[in-house]
1. Ranked highest first by average number of other Cβ atoms within 10 Å, how do 242-252, 91-101, 157-167 line up?
2. Which FRET efficiency, nearest 0.05, do Q116 and V190 yield, Cβ-Cβ r, R0 35 Å?
3. Would you mind checking the range 14-58 for residues with the amide N under 12 Å from a putative spin-label position 7 Å along Cα→C-beta of E151?
4. If one computes the Cα centroid of the range 18-34 and of the range 180-246, what distance in Å separates the two points?
5. Helix 223-234 against the longest principal axis of the chain: what's the angle in degrees, Cα atoms only, rounded to the nearest 10?
6. What is the ratio of the Cα radius of gyration of the range 136-213 to 2.2 N^0.38 Å, where N is its residue count, to two decimals?
7. State the antiparallel share, in %, of DSSP beta bridges confined to the range 2-155, rounding to the nearest 5.
8. Return the ratio Rg/(2.2 N^0.38 Å) for the chain, where Rg is computed over Cα atoms only.
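Where a number appears in this text, it was derived from the coordinates with a stated rule and is not lab data. Just so it is clear, the model here is predicted, and its values are computed rather than measured. Cβ placement follows ideal geometry from the backbone for every residue including glycine, while neighbour counts extend to all protein chains displayed.
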Amino acid sequence: MIIKNAYAKINIGLRILRKRPDGYHDLETVFHRVNVKDELKFEEAKLVTVNSSHPHLPNERYNLCARAAMLYKRHFGVKKGVSISLKKNIPIGAGLGGGSADAAATLLAINELWNQNYSAEELLPLAATLGSDIPFFLKNESAYATGRGEELLYFKLDIPYWIVVVYPNVHVSTPWAYSQLKVNSEKLKVGLNNILLQHINEPKSWSQTIQNDFEENVFAHHPFIAEVKLNLIESGAVFAQMSGSGSSVYGMFYEEETAKRVVEEMKVNFPVFLTPPNFHPEN
Ligand code: C5P
């Protein structure tokens, strides 16, 4: 049996650069892991099956873990099965990459379970076929992502702040969020990774340079998410932003005491996750 922890991500900055002829969007973002994880167990079996703790996950045919395993079998010509059990802790439709983290964990786990030794680089095309965010989750470091999210430059990013992630109990569909964007002109990359590293000690300046292009439209349809963000800033966050296409919002705090107080206040109404400074998921 193989056990994997699939950690969620946040996006620090997300710039939509252009709409592509294939319907996807070129973007620029920084992916960074936070302290909330799905727990997966993999056992050899005759067929590919998924059991989930979550009542509303898509049924097996559409579950991303099952699709990942089926794609792997087809692609590498493996005639084996796997029984997957998935304990969901990462909220769905939250902009935290939960489904993507699970799919990447599945590719890595069956690679071991079925005694295949494909590298993360060899698994990347499969991951990208399953979803734009999935390649990032094949490695544990933070990454600067371009293209549709699958062109990755991993780099060491220590965030020296407490991060409070709040899920405002709103489900935002990613295709819907993209369909709401009005992309009139092409934008050039600004190098969000370098901006972050150069200004890591001045988080109050980030709101000028590090923006999430989904916020405007998503906030217009769900003003409540904007309220949660404002609440984090009023509670002392030095930087706050929506993650991905939403709906989760995170705040960064200098002080443990303030961050923990915000968690206590918020958790009455919402799922909240606290990440300590310089957090990196274990391997
Ligand atoms: O790749 P994934 O399946 O996660 O994407 C879901 C949807 O989000 C796509 O069908 C597309 O509408 C949109 N998308 C996009 N540009 C990206 C990523 C996703 O337009 N870079």
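1. 242-252, 91-101, 157-167
2. On the way: r = 39 Å, r/R0 = 1.13.
After rounding to 0.05, the efficiency reads 0.35.
3. Under cut-off, by backbone N: 17-18, 26-29.
4. Using only Cα atoms, the two centres lie 15 Å from each other.
5. Taking the Cα atoms of the chain, the angle to 223-234 is about 60 degrees.
6. Taking N as the residue count of the range 136-213, the ratio is 1.28.
7. DSSP beta bridges in the range 2-155 are roughly 85 percent antiparallel.
8. Working: Rg = 18.5 Å, N = 283, 2.2 N^0.38 = 18.8 Å.
Cα-based Rg divided by the globular estimate yields 0.99.
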